[in-house]
Each structure stands twice: as C-alpha cells, then as structure tokens.
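This report refers to the structure that appears directly beneath it.
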Amino acid sequence: MIRIRDMTFRMAGRLLFDQTSAIVPAGHRVGLTGRNGTGKTTLLTLLTGGLQPDQGSIDIEGATGRDIGMVRQEAPGGSASPLEFVVAVDRERATLLAEADEASDPRRIAEIQTRLADIGAHAAPSRAARILAGLGFDEIAMSRPLSGFSGGWRMRVALAAVLFARPQLLLLDEPTNHLDLEAALWLEAHLARYPGTLILVSHDRDLLNRVVTGILHIENARLVFYRGSYDAFERVREERRALDAATARKREEQRRHMQAFVDRFRYKASKARQAQSRLKALSRLEIPPPAASEPSTVFSFPVPGELAPPLVTMDGVSTGYDPGQPVLRGIDLRLDPDDRIGVLGRNGNGKSTLARLVADRLPAFSGTLHRARRLRTGYFAQHQIEDLDPDLSACDHMARLMPDASMDRVRARLGGFGLVLDAQTTPARFMSGGERARLAIACATHDAPHVLILDEPTNHLDIDARDALVQALHEFPGAVIVISHDRRILQMTVDRLWLVADGTVRPFDGDLDEYAERHARTREERGTVRTGGSRRQAARRAAADRRRDTASVRRAARSAERQLDELTAQRRNLVDRLADPETWEQAGMDGVALARRKKEIDREIETAEQRWFEAVEALEAAERMAAE
C-alpha cells in the first residue's frame, strides 16, 4: 500500500503539491493523470525516493528500494546485447550462477540449485526473449550490441528490463512514447496482467481504460483517488463538479434571501429579533468555493484555400535515403483533399519515410510522383520538438516563420494552439513537453497547409489536448495523414488505412480492430511454431476467424460508435465554452449561437445513439450466427 500524508512539495519555487493525502491499495493498477505540468513525473520521483517532500510523508508498505522499478531516463548502451542486458537485471540469478561455477561443497551446491529453481533462473532467458519480442525485437536484433540501436529502441530495452524484473511496485511514465502500435498493443495486454502494484502515467485514454483499476488524479495541487477505469473517473468527476456547482448555487440563493430579509427588517422593531437571528445565521453560512474548472483546451488550424483533386499521386514510386538501397518500392497511392489516412506498420518498416516523401522532404528515386500546383504541406515529427531553439520563446519561433505578420497576428496564431500569456514568451527550455509539442504543431501549420502530416503528434499531449487535437482535425478541411500508436486518435480521425510492410505501402482493407487481431494472431502463430501449439491458441484462432466473418457488421458498429464519440466530444467542448464567462462577456451573441448549436448536437446525439444501438444489435446477431 502507498500512503501519502499531508505532502507539500515545491519545485523551483512552484507549488506542485499542497498538504495533499492519498492512499493507493496494494495490488492495484493505477493511472496517474493530470494536465501537463501538474507534477506527475515529479510524484513518481518522490515515490522512488529521488526527491523528498518539503512537508508530510510517503510510506510504501512492504517495499524496499529494490522492490520499486522505474525506467531509467538514460537509454542503455555498450557492447551487451538486448537479451544480455535484460537478463543481467536479475542480479541474484547472476550471483548464484557465478557461485555455482566455483562452489565445491555439495550442500551449498544443492542450496544454490534449489534457489535457482525457485526464482526460475533457467527460464529467465526465454522469459526475457518473450518480453523483447513483444516490444518488437526479432531474434537477430536481440543479439546485436546495444550501441547499434537508436535511442528509441534502446529505451525499449530499458522498458523490457524493468518488466523482466517484475518489481513489487512498477512505475511507468508514458511507456508507449517510443513504441509503435504493435508493441503498444502487446504492452497493454502485458500490463493488464501485471501481478504487483502499478502506477502508470499515460495520456492514452484507451490504454488507461483497458489496464488500470483506479485513477490517481492531480488537480489544483491535490491528489484524489478514484476507483475504476478512466471513463468511470471522468463520469464521477463531472458528477462531483455538477453537485458542487449546484450546492454553491443553492447556498448563494439562501444567502441572498437571508440578506434581503436583514436589509429590509433589521431596523424595524417588530422584526428586529428575526433579522438579528438571520444575520447570525448568515455569518455562519459558508459559501463553498466555486468548483475548480480547468480551462478548456482548443486547437485551431489555419484554413487553406481549395485545390482540385488529386493533391498527390504516386505510380511505382521508390524512395529512401540512398538511391542504391530504397526503403520503399512500388508505391501506387493517391491523396485527395478530403482524405483522412492512418498509417500502420512496425517501427523501422518505413512509416516516417513515407511521411517525408509526401511532405516533399525525400525525393522519388523512380516512378512518377505528381503534386498539385501551389500545394502546401504541413509536417510534424517528434524530432521537431527537440529541434526547437531552447533560448527562443514561442513568439520568437513563430515570428521567424511569419516575418511579415504583426505581433498581434503571431500571438493569435499561437493562441489557436492553447499557447497564451506567459507560455508565449517563455524560452523553450523552460516549457513543458506538452507546450513544446503545441508549438511544434503550430509551426508546422503556420502557412495553412493543404495536407497535414502528423507523425506521433500525441506523445507529449495530455488527454484534454488530445481531445482538442481530434476536434481540430474534424474541422480541418484539408487532407490528413496520421501516424500514431494511440488507437483512439486513429479511430476518431481517420477513415482509411495504409499499411507499410514488406518494403512497400498498400491500402489496408479493414479497420483497426481487424489489424490488432491480425497482429495478435501472427504473434500467436509464431509462438505456436516454437512451442508446438496449444488448445487455447487454436480456440483463439477459431474465435478470430469468426470475428473476421463478421467484419463488415463490426465496421458499421465501429463507424456508428465513432460518430457518437465525435458528437459527444463536440458537445463537451461546447459545454466548456458555455461555462466560461468570457464566452458571454467577449463573444456577445456568439454565446447564444453556441447554446443553439448545443441543442442541435443533443438531437444529433439521440439519433446517433439509436443508430449505434441498432448496429450493436446487428453485430450481436451476426456473431451468434457465426458461432453456430
């Protein structure tokens, strides 16, 4: 059990936690949530003992330093292979094996062998190999020196090592940031079975819903623990906010009524006693503070002019970084203004290479590639966040890209990505990861591109910012290409899929659920070849075949669910804006228009819910028929 008592902690003079307390039950898998900059990573460091509270205490019952596992910030390197590095994490095993080679006392040898059997020492290499395979390493890669891998792949090795160690308390900070969709799917399944206590920092709503049994939320320098999934947490929090707001309104009404009585009768002899009584009651009547409401996050992409389709066509195109060794060959694709494309494929297959080709950052070595005249392309990639000048502010970066624009226009453009007030003038080195990500996206879209290419745009964005990005993509009139390990982002923004595999790119005829099933089936089949198969695997394959037979009905259900999610997100955004006093003070009649639009969306949600119910019923019927 983790017990936090009256903890206060400041970082560089900023109050992150203010006399807050919380209890996390042992064995729970808990999502640690909160907006960018609220102190999630700091809390993990406090739990490891790397930092100490200014006041209060943190007690972790039954766990020593070796029982707490957290991925190191530094990527591992050196001549050791990934498999050797991961297995070496078990220091007791290494010590016992070394002693076994030198021991001569039969009794001690027996003790060593018994302990090795107890800790599963002989199965350790195969267990480590399974974890590395789940994170995307094949047998050849497991044997290569770590020094030959990129930083992202070495961070996967660090993650594999902490998973292999199976600490009693596992602390993970955005573990999917360096993963592709396939590895993220494996990690999700692995964490959902984790036997110890897990504290997971993630902004991936689907990951939290599928893995955690509770949410520890940071808001206004306080910690609050909620049982259940992330969706359950959101519902409870909204209900509490609504209840707090209703209580505040009721108390204020009581106060006004009592004050009116006192003002009217306090100097009237016949009512003086009652007036004095109400005056005393009024002094005791506490008005609860207004419910804490975090400002809503809004993204706003500049609108491009119209171009006739197609925007990009590719016939037999090959590309890469060396004409003698193309990464991708035989690409036959077309991109139109209304396309919403999700790009799938393992890391290293060429997803980013395809993105750079479409963005005109790489040439076509062969074949024909045609772009529409006056085509502008906005390209966001993770390296752009690191490429920001640490000494320049958001205003400085945007002003360099918009040299002819006034500072008011520069500030307005940044405001369209949630960068306001001090965030516009703070040097990049002092900005949070989420603020730098917003700045990089703002820079990528500064000239109103016709095609927007986003390569892992959500790694540093909190959940509210991700929802704002989804809403902005819905309203963006140009073409969109998204590469992401976040399934929810893909499900809510794209309607077509391209698969990068086997040295080329082809349309994928299916949805994300089918892709995830195919990936899981492929992984199981590989395991079957190694282990000889099992009845459980055969049953899973049969179930996957039945699901494949009902694919078209499932797609219809998924489409109905996606439309309902989109409308619900729009409604949530409108409710936030209507609750903001500035909407009514500055926007004038626009507030009335927003209220009218909310009523329209409420009606659309009712219709969408009915379509979703019908689609689910049709799916259930189809699945029953397939099972028979």
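Quick notes on this one:
- Potential lengthening between residue 255 and residue 475 on full extension [0.36 nm per residue; Cα-Cα distance subtracted]: 74.8 nm
- For segment 163-258, a simple Cβ point-charge model (Lys and Arg +1, Asp and Glu -1, everything else neutral) yields a dipole of about 760 debye relative to the Cα centre.
- Extension gain for residue 190-residue 72 works out to 40.5 nm (0.36 nm per residue, less the C-alpha to C-alpha distance).
- In plain terms, the C-alpha convex hull of segment 1-96 casts an average shadow of 8.4 nm² when viewed from every direction.
- The charge dipole of segment 358-438, taken about its Cα centre with unit charges on the Cβ of Lys, Arg, Asp and Glu (plus for the first two, minus for the last two), comes to roughly 500 debye.
- In Å², nearest 10: area of residue 9 left accessible to a 1.4 Å probe: 10 Å²
- Hits among aspartates and glutamates - C-alpha to C-alpha of residue 598 under 14 Å, sequence gap 8 or more where chains match: 566, 576, 590, 606
- Under a 5 Å amide H cut-off, with hydrogens placed 1.01 Å from N, residue 215 pairs with 31, 226, 227, 228 among residues at least 5 apart or on other chains.
- Under a 5 Å amide H cut-off, with hydrogens placed 1.01 Å from N, residue 56 pairs with 8 among residues at least 5 apart or on other chains.
- Entry for segment 395-518 at q = 0.10, 0.11, 0.16 Å⁻¹: log10 I(q)/I(0) = -0.38, -0.45, -0.85, Debye formula applied to identical alpha-carbon scatterers, no solvent contribution.
- Interatomic Cα distance distribution for segment 71-165, bins of 10 angstrom, percent: 17, 44, 25, 13, 2
- With every protein chain in place and a 1.4 angstrom probe, the accessible-area ranking of 227, 340, 3, largest first, reads 227, 3, 340.
- Taking packing as the residue-averaged number of other Cβ atoms within 10 angstrom, the listed peptides 202-208, 423-429, 37-43 run from highest to lowest as 202-208, 37-43, 423-429.
- Using a probe of 1.4 Å, the accessible surface attributed to residue 407 totals some 90 Å² when neighbouring protein chains are kept in position.
- Here the peptides 156-162, 369-375 are ranked by packing, the mean other Cβ count within 10 Å, and the order with the highest first is 156-162, 369-375.
- Environment charge of residue 319, counting only residues whose C-beta is closer than 12 Å and scoring Lys/Arg +1, Asp/Glu -1: +1
- Dipole-positive endmost among 218, 162, 184 within segment 129-218 (Cβ charges, Cα centre): 162
- Residue 18 sits with roughly 50 Å² accessible to a 1.4 Å probe, with DNA, RNA and ligands left out of the calculation.
- Calculated diffusion of segment 343-461, Stokes-Einstein form, Kirkwood radius summed over Cα pairs, 10 °C and 1.306 mPa s, µm²/s: 103 µm²/s
- Top positive-direction residue, dipole computed over segment 28-81 with Cβ charges, set 42, 79, 57: 79
- Anchor residue 250: aspartates and glutamates whose Cα lies under 16 Å away (excluding residues fewer than 8 positions away in-chain): 286
- Put a plus charge on the Cβ of each Lys and Arg, a minus charge on the Cβ of each Asp and Glu, and nothing anywhere else: the dipole of segment 66-175 about its Cα centre is then about 180 debye.
The values are calculated or read from the model by the stated rules, or taken from the named source; none is laboratory data. Predicted model only: the values in this text are computed from it and were never measured. Quick reminder, even Gly has a Cβ in these numbers, built from the backbone with ideal geometry, and neighbours come from all protein chains shown. Quick note on the areas: whole protein, heavy atoms, side chains included, nothing else; ligands and nucleic acids left out. Shrake-Rupley method; radii C 1.70, N 1.55, O 1.52, S 1.80 Å.
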